[in-house]
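Novice: Below: one structure in structure tokens.
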Amino acid sequence: MATMARSFLQAISKDEAVAPPLRVVQIEGLAVLKIIKHCKEFAPTLVTGQLLGLDVGSVLEVTNCFPFPVRDDDEEIEADGANYQLEMMRCLREVNVDNNTVGWYQSTVLGSYQTVELIETFMNYQENIKRCVCIIYDPSKADLGVLALKALKLSDSFMDLYRAGNFTGDKLREKNFSWMDIFEEIPIKVSNSALVSAFMTELETDAPVSQGDYDRLQSSTTPFLENNMEFLIKCMDDLSMEQQKFQYYYRNLSRQQAQQQAWLQKRRTENMARRSAGEEPLPEEDPSNPIFKPIPEPSRLESFLITNQVSNFCGQINGVAGQNFSRLYLTKALHEN
Amino acid sequence: MAATAANEHTVLQFAAPSSATTTPILTARIHPLVIFNVCDCFVRRPDSAERVIGTLLGSILPDGTVDIRNSYAVPHNESSDQVAVDIDYHHNMLASHLKVNPKEIIVGWYSTGLGVNGGSALIHDFYAREVTNPIHLTVDTGFTNGVGAIKAFVSSNLSLGDRQLAAQFQEVPVDLRMVEAERVGYDVLKATAVDKLPNDMEGMELTMERLLTLINDVYKYVDSVVEGRTPPDTNIGRFIADAVASLPKLPPQVFDNLVNDSLQDQLLLLYLSSITRTQLSLAEKLNTAAQML
């Protein structure tokens, strides 16, 4: 309890000063277990839930969480959802659980979580809470023996850009902003109270090998890789569609500029003729002419998100392929002996 | 008054006769999340309370096993002769939990501390009104006897003729199991603090090291048996023989081909993903660097 009091004080005193950048997310084993259980039970449906905890200096502590019910039609149950949240927070407060929202968690399928909805949810949360984080859990990787838990945050530069609503090429070039700068991944630390740790050690004494190891040594990763490849191909298709949009825009733009040049030439010759005839020269610009209407440049947000996803898939494939190498060499060595 | 008796085999005799459809509860299966919840609530209890109670959620399987999957704490007040439980809170939390997972129903209640006492019997009565034959779980957070004991009880009423004499708490065997996904996070859940979650390759490295240690141990054991230092144990010998025999017997040519093919597949995938990455950076340069006029 003493550490709680100290961190409360710290939290209050840091309010005036500028908050230091978030460096680590500290999760309690309890929250991790709850997230795993909830995501796994409802796989393959995607589920979300709320994270509760404390924001202390450069560490964001997540001490508890609760799941959101799956909503079928959003219209009727909008108010219900808010009620549920309030109810849960009130009840948890009564048993002395921190009922400070620090973010939310969601499950994902094979790591394809970069969508516009995610960004919108982030912006919604950011309005109310100074620092929030999103935890992504991938239940499909549990078969491979990997705990796929990631903490994400939108980078500040991205948030400013998004608020301005401007994703044109010029703005992005000014800020030197690339697709890698949208999301920031924050390292996760897991902590457990001593009591819980004592219980767990007693329940399952330190075995030399754990089940996770057995899973990792399995060499049948083909279904995972196949799914990854499928998603990758789909994303590449989306990416090429986006690029085609850009090409179309550029083509239109250059055509429009050519048209403008031609019209300008015509006006100039006309003006020279008029001047020689002693009449008023016509203005060189004509805003009512449709060829001068500026064409809106398509937003690059989609393409950035898709790029992020593709990169994610590539990374996953790399990781699994690397593991497969080690496994294959291992079996080779065993066989020779 | 309540009495505790730890007698697994007579549980059938004391089956609750209230309705013909209730199957006698044979074992309780607990998910580690419940233990975590209980410990967390215990650590956060208000200073005046000596122990924490709460509701257990789960389901009853057709073979009589109670599968306890989730739990939440319920505020209560306990003095030497009275027990007050916040029933509204209990119902509110139950409704909220049911919204998320309607299959998890009340199966009983838990309390910290070792053994049952008078207050527990009253609380157990209250829960018996909510569900037939509730199960009572005690989690010994005080570690009396140097052991963190987790015990489960079912109660039955002892009556003489029409008068109710006492409630007898019968102990039920407890089975603690972990679902696969939780096993994955197992290392992470045991220690008091883990600095960072291992990623793919680091996890692989850890596993390899462990495997190597295991093989070394077995090697040393076999050596010492051969030299006569340790008495041979036929069971272990059989296990080792089984393990060695489980390697598939393929002619070396076929095996090499197999391994090489898989290696080539993996290399192909790596190449593909590197190409995709290069393509991405090219595309991005083209998109944002293109200037008109």
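Novice: Out of B:83, B:66, B:107, I need the residue that is more than 29 Å from residue A:33 (Cα to Cα) and of a type in the set (Val, Ile, Thr). Which one?
Specialist: On inspection, the qualifying residue turns out to be B:83.
Novice: Any idea which residue in region A:103-133 is surrounded by the most Cβ atoms within 10 Å (Cβ to Cβ), counting only those that are charged (D, E, K, R) and touching a residue at least 60 places away in the same chain (Cβ under 8 Å)?
Specialist: A:131
Novice: Somewhere in region B:111-126, is a residue touching a Gly at 6+ places or on another chain (Cβ under 7 Å) and modelled with pLDDT of 80 or more?
Specialist: Taking every residue of region B:111-126 in turn, none turns out to be touching a Gly at 6+ places or on another chain (Cβ under 7 Å) and modelled with pLDDT of 80 or more.
Novice: Looking at region A:304-319 only, could you name the residues that are facing another protein chain (nearest Cβ under 7 Å) and among the β-branched types (Val, Ile, Thr)?
Specialist: Those that are facing another protein chain (nearest Cβ under 7 Å) and among the β-branched types (Val, Ile, Thr): A:307, A:310, A:317.
Novice: Of everything in region B:248-271 that's surrounded by fewer than 12 Cβ atoms within 10 Å (Cβ to Cβ) and hydrophobic (A, V, I, L, M, F, W, C), which residue is modelled with the lowest pLDDT?
Specialist: Applying the filter and picking the extreme gives B:254.
Novice: Next up: I'd like the full set of residues that are assigned to a loop (DSSP other than H, G, I, E, B) and in contact (Cβ under 8 Å) with a residue 60 or more places away in the chain, limited to region B:123-133.
Specialist: B:132, B:133
Novice: State all residues of region B:72-108 that are hydrophobic (A, V, I, L, M, F, W, C), more than 27 Å from the chain's Cα centre (by Cα) and under 19 Å from residue B:139 (Cβ atoms); if no residue qualifies, say none.
Specialist: Those that are hydrophobic (A, V, I, L, M, F, W, C), more than 27 Å from the chain's Cα centre (by Cα) and under 19 Å from residue B:139 (Cβ atoms): B:83, B:85.
Novice: Can you report the number of residues in region A:142-156 which are at pLDDT 75 or above and farther than 14 Å from residue A:109 by Cα?
Specialist: Count: 6.
Novice: Could you list all residues from region A:181-202 that are over 16 Å from residue A:59 (Cα atoms) and assigned to a loop (DSSP other than H, G, I, E, B)?
Specialist: The answer is A:182, A:193.
Novice: Identify all residues within region B:88-145 that are among the charged types (D, E, K, R) and closer than 13 Å to residue B:74 by Cα; write none if there are none.
Specialist: Listed by number, the list holds a single entry, B:88.
Novice: Test residue A:306 against the criterion of being at pLDDT 80 or above, within 29 Å of residue B:280 (Cβ to Cβ) and aliphatic (A, V, I, L, M), and give yes or no.
Specialist: It is false that residue A:306 is at pLDDT 80 or above, within 29 Å of residue B:280 (Cβ to Cβ) and aliphatic (A, V, I, L, M).
Novice: How about region B:61-103: which of its residues are closer than 19 Å to residue B:132 by Cα and in a loop (DSSP other than H, G, I, E, B)?
Specialist: Selection gives B:61, B:62, B:63, B:64, B:65, B:102, B:103.
Novice: So, one more: Are there any pairs with C-beta distances below 9 angstrom linking a residue in region B:225-246 that is surrounded by 11 or more Cβ atoms within 10 Å (Cβ to Cβ) to a residue that is among the acidic types (Asp, Glu), with the two at least 6 apart or on different chains, and if so which?
Specialist: Matching pairs, first to second residue: B:225/B:233.
Novice: When you scan region B:272-287, do you find a residue that is surrounded by fewer than 11 Cβ atoms within 10 Å (Cβ to Cβ) and farther than 30 Å from residue A:305 by Cβ, even just one?
Specialist: No, the conditions are met nowhere in region B:272-287.
Novice: Just checking, how many residues over region A:237-251 are under 16 Å from residue A:299 (Cβ atoms) and within 11 Å of chain B (Cβ to nearest Cβ)?
Specialist: Of the residues in that region, 8 qualify.
Novice: If you check every pair at least six apart or on different chains, which have Cβ atoms under 7 Å apart with a residue in region B:45-58 that is closer than 10 Å to residue B:110 by Cβ first and a residue that is charged (D, E, K, R) second?
Specialist: As it stands, the answer is B:52/B:45, since those pairs meet every condition given.
Novice: Here's something else I'd like to know. When the residues of region B:244-259 are filtered to those that are under 41 Å from the mean Cα position of the chain (by Cα) and part of a helix (DSSP H, G or I), which remaining residue is farthest from the other protein chains (Cβ to nearest Cβ)?
Specialist: B:245
Novice: If you don't mind, another one. Any chance you could count how many residues in region A:25-46 are more than 9 Å from chain B (Cβ to nearest Cβ), within 20 Å of residue A:89 (Cβ to Cβ) and not in a helix (DSSP H, G or I)?
Specialist: 1
The values are calculated or read from the model by the stated rules, or taken from the named source; none is laboratory data. Small disclaimer: the values here were computed from a predicted structure and weren't measured. Cβ sites come from the backbone with ideal geometry, for glycine too, and all protein chains shown count toward neighbours.
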